[in-house]
Structures are given as structure tokens and as C-alpha cells.
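Read-outs: derived from the displayed coordinates by stated rules, not from any lab. Bear in mind the structure is a predicted one, so any value in this text is a computation, not a measurement. Neighbour counts are summed over all protein chains in view; Cβ atoms, including those assigned to glycine, are modelled from backbone coordinates with ideal geometry.
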Amino acid sequence: METQNFLIPKHTKLTSEEVDAILLKFSIENTSKLPRIHKGDPALAELGVEVGDVIEIVRSSFAGNNNKYYRVVVD
């Protein structure tokens, strides 16, 4: 499920398989090493997230590139 507001960067809740692939790609031991995002963040309201879920945030740059960021949901 993705956020719909055009002013908010695209937020997507990742599956466990996608999380495993991200951790392997960046040589991260576990999700506790990822930056955090609060469960009450307004951008997550429609995603139905739980503590421990990993969120992919896609931001567009002025150069037209899409940059991906990953956050783990905390309480």
C-alpha cells in the first residue's frame, strides 16, 4: 500500500522478503541498524504499519532521479 498525497514522498511498507534483500544489499545485520520513523508519522497513517515494519521512502530530486531511503517503524 502506498501513500497518495503528492506533497508527501512515496512511502511503501516492505514485505519480509524485500526487507531481507535490503539488509543483504547494504550489509546490515538487522533492522535495528536502520534509521527510525515514528509509528504516528502522518505519512504512515494509511499504510497500517506495526512497530518493526520497514518503510521505503522514494524522494524525487531536482535532477529527476528517485532516491530511496529506508526506515524502521518505532513506537
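The table below lists the values:
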quantity: CD proxy at 222 nm, helix term only [per DSSP H run n ≥ 4: -39500 (n - 2.57); per residue of the chain; nearest 500]; calculated: -4000 deg cm²/dmol
quantity: Candidate aspartates and glutamates - alpha carbon under 19 Å from Lys10, same-chain residues fewer than 8 apart omitted; calculated: Glu2, Glu18, Asp41, Glu46, Glu50, Asp53, Glu56
quantity: Zero-based 10 Å bins, Cα pair distances in the chain, whole percents; calculated: 19, 52, 27, 2
quantity: HN-Hα J in Hz across segment 25-40 - Karplus 6.51, -1.76, 1.60, θ = phi - 60°, x for Gly and Pro; calculated: 4, 9, 6, 9, 5, 7, 5, 5, 8, 7, x, 10, 9, 6, 4, x
quantity: Selection of chymotrypsin sites (Phe, Trp or Tyr not before Pro), the chain, meeting DSSP coil and at most 13 other Cβ within 10 Å; calculated: Phe6, Phe26, Phe62
quantity: Ratio Rg/Rh, restricted to segment 30-69 and using Cα atoms, in which Rh is the Kirkwood radius; calculated: 1.03
